[in-house]
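A short worksheet on the structure shown next.
The values are calculated or read from the model by the stated rules, or taken from the named source; none is laboratory data. Keep in mind that what you see is a predicted model, and the values were worked out from it rather than measured. Reconstructed Cβ throughout: ideal geometry from the backbone, glycine too, with neighbour counts over all protein chains shown.
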Amino acid sequence: MYATAENLIRHVSLRQLQIFESVVRLGGYTRAADALHLTQPTVSMQVKKLSESIGHPLLEKVGNQILTTAVGQEVYASAQEVLGSMAALGESAIALQGVVKGPLRLAVITTAKYFMPHLLGAFVQLYPEVHPMLKVTNRSRVLERLKSNEDDLLIMGQVPIELDVEAYPFIDNELVVVASPGHPLTKSSNISLKQLSQERFLAREPGSGTRLAIERLFADQGLEIQPYMELGSSEAIKQAVMAGLGISVLSRHNLRLELAGNYIAILDVKGFPLFYRWYAVHLKGKKLSLVSQTFLQFLLQQGKEMMQQFPLRHGDKT
C-alpha cells in the first residue's frame, strides 16, 4: 500500500521520525534506544509503524549492519530536515525572549579536552541557563558529526578541506617534539628531521589532526615516518613517552603538568615548534542559535585571555 500525503500527515509522528533518524545516524536499534532512553522493542515498533505508514521498508539488515533502503534514505533526509526545523523553531522562540539559555551542543577532538572545559566553565558562569553537552572524540568521528550536523559547533585543529564549512580561529596550537627526560636526544640541539625519522616514533591513529600535520612536514622534506606504535589518544602517547617507548609530537596545551614535574622533555628539533590554530567550525549556511552565536563570540573574545592563562611560549624549547 502506497502512502498518500494525507495518510502521512495523519499517521506519522515527530517521535517516529526522531526515533528513525537516531537509528540510522547511530547505526542500530540498541544505540538509538540508549540515546533516547527507550527500550529496544519500543524503538523497533516505532520504526515498523513508520515503515507501514510510508508503505515501504525503510531499513534492511546486511550482515551485522542496519542499512537504509532507497526509500529509507529519502525518509532519513526528510526526518533530519523536519527535526532540524523544529529545533530551530524552538531556539528562535527562546531568542525572541532575548535570553541566552538552552542547549549548547559541542564536539571536540580529544586534544582539545585539556582546555575546552575551562572555556566552557567560564561561559556557563556568565550564562547559567545554558545547558552544555560536550562530546570528546577522535577526528574521524568529529567529521562524521560535522557532516550530519549533530552539533552547534565543533572544535578542531585541522579544518576539513573536503567539506564546505565556516571556520573561526580562536587560539594557537603549538606542537612540540617530546621524549622522556632520559632520552639521548635531550642532550642534542638543532636535531634534523632525518635524524628524528630514525627514532622510534609514537603516533596517533591515521587521520588525526596532529598526525596529518607531522606527515605533511616530513613529506615536504622527502621523508616518511614509520610509526613504532599507533595509539588512540594523546594521554596514551604521553604515558608511552614517559615510559621510554619512543618519541612523539604533542600539543604543548597537553603537557603543562608533565613539563612542570619534569616527566617529559621537549626536544630541540629543526622546524619545531609548529604553530597551528584551534578552530570553531560549523557547516556553511548553518543558522546558529542565540546560544551558539554567543558562545562563538565568547571564544573569539576570550582567545587572548586564554593564551595568558595557559601561555604558549613561542620559540621556547626548554
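Some values worked out for this structure:
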| item | result |
| --- | --- |
| Checking GLU174 against (1) at pLDDT 90 or above; (2) part of a strand (DSSP E or B), the condition it does not meet | (1) |
| Residue that is nearest to GLN18 (Cα to Cα), among those in the range 57-77 that are surrounded by 13 or more Cβ atoms within 10 Å (Cβ to Cβ) and in contact (Cβ under 8 Å) with a residue 24 or more places away in the chain | TYR76 |
| Selection within the range 197-217 - surrounded by 19 or more Cβ atoms within 10 Å (Cβ to Cβ) and under 22 Å from MET242 (Cβ atoms) | GLU199, PHE201, LEU202, ALA203, ARG204, SER208, THR210, ARG211, ILE214 |
| Residue match in the range 30-38 (condition: small (Gly, Ala, Ser), surrounded by fewer than 20 Cβ atoms within 10 Å (Cβ to Cβ), within 22 Å of ARG145 (Cα to Cα) and outside the structural domain of ARG145 (by TED's automatic domain parsing)) | yes |
| Residue within the range 178-196 that is crowded, with 17+ Cβ neighbours inside 10 Å, modelled with pLDDT of 90 or more and closer than 16 Å to PHE275 by Cα present | yes |
| Residue satisfying all of: in the range 218-229; surrounded by 11 or more Cβ atoms within 10 Å (Cβ to Cβ) and at pLDDT below 90; farthest from SER192 (Cα to Cα) among these | PRO227 |
| Residue list for the range 185-240, filter: aromatic (Phe, Trp, Tyr) and part of a loop (DSSP other than H, G, I, E, B) | TYR228 |
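Quick grid of which residues meet (1) at pLDDT below 90; (2) hydrophobic (A, V, I, L, M, F, W, C):
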position	(1), (2)
VAL75	yes, yes
GLY84	yes, no
LEU89	yes, yes
HIS118	yes, no
GLN125	no, no
PRO128	no, no
